[in-house]
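Asker: Dropping a structure here in structure tokens format, bear with me for questions.
The values are calculated or read from the model by the stated rules, or taken from the named source; none is laboratory data. Given the structure is predicted, the values throughout are model-derived calculations rather than measurements. As a convention, Cβ positions derive from the backbone with ideal geometry for all residues, glycine included, and neighbour counts pool all protein chains shown. The protein model used for the area step is the full one, side chains on, heavy atoms only, and it has no ligands, DNA or RNA in it. Shrake-Rupley method; radii C 1.70, N 1.55, O 1.52, S 1.80 Å.
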Amino acid sequence: MKVNMLFASIALCLAIHCFGGSKISSDTQPQKSVIQSKDTVVNVSERFAILYKKYDKDFKLWYNPYIIRLKERDTVKIAEFSYENGGELDLRISPSKRFVVLDNIIKGYVEDGDEKILHENYLCDIIDLEQSIVVGSIQTHCGGEWDEDDRWVDGGEIIFDGSLLKKK
């Protein structure tokens, strides 16, 4: 799955390079983005919260999400999550509160000779909070929603079925 995401990112960069894209005006040169430590906690349930460790004010993205197990007073890294990517604080929580969809946004500048091109690729990951792991990575179905059976559905199509995973 990570190989496919890497391939998609490379393909998007090449497409932007070859066919043009949202070029930055030559009179407004982007500055190096400043990522600062800024712990921010978003509650998911009485058992879990998401802690974001860093914020990039230029890109307006949050980085380094961790799962806080509230009852155990434990903070754990999310296995198989791309920590170099950012996201917004828009958590989409499943009805059982076992799963959450987090943004996984690749954003940065690519140099094209004298110009810098802003590169953005929007992905999202389905996180199993109990297992602390990414259980699904999607790109074209990030606009979906949870149904009452813990299934991520987009356009009537079931993209992910959380009921098929065993509980811890």
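Asker: For Lys38, which aspartates and glutamates qualify as cross-link partners when the Cα separation must be under 12 Å and same-chain residues fewer than eight apart are set aside?
Answerer: Hits, sequence-local ones excluded: Asp56.
Asker: Right, something else. For a 30 Å ceiling on Cα separation, which of these pairs sit above it: Lys71/Lys107; Lys57/Lys166; Lys53/Lys116; Lys77/Lys97?
Answerer: Lys71/Lys107; Lys57/Lys166
Asker: Here's another thing I want to ask about it. Starting from the Cα coordinates of the stretch 113-166, work out the convex hull volume and express it per residue in Å³.
Answerer: Working: hull volume 5.8 nm³, N = 54.
It comes to 108 Å³ per residue, whole-number rounded.
Asker: Using per-residue counts of other Cβ atoms within 10 Å, averaged over each peptide, order 65-74, 128-137 from highest down.
Answerer: Descending packing order for the listed peptides: 128-137, 65-74.
Asker: Find how much the distance from Thr40 to Lys57 grows on full extension, using 0.36 nm per residue of separation minus their present alpha carbon separation; answer in nm with one decimal.
Answerer: Using 0.36 nm per residue and subtracting the Cα-Cα distance, I get 4.8 nm.
Asker: Okay, next question. In whole angstrom, and with the biggest value first, how far do the Cα coordinates of the stretch 32-155 range along each principal axis?
Answerer: Each principal axis gives a Cα extent; for the stretch 32-155 these are 51, 37, 20 Å.
Asker: Here is a further query. Determine the share of the stretch 31-168's accessible area contributed by carbon and sulfur atoms, expressed in whole percent, with a 1.4 angstrom probe.
Answerer: Working: 3370 of 7520 Å².
Carbon and sulfur together cover 45 percent of it.
Asker: OK, next. In Å², what does the accessible area per residue of the stretch 29-168 work out to with a 1.4 Å probe?
Answerer: On the way: 7650 Å² over 140 residues.
Here the per-residue accessible area is 55 Å².
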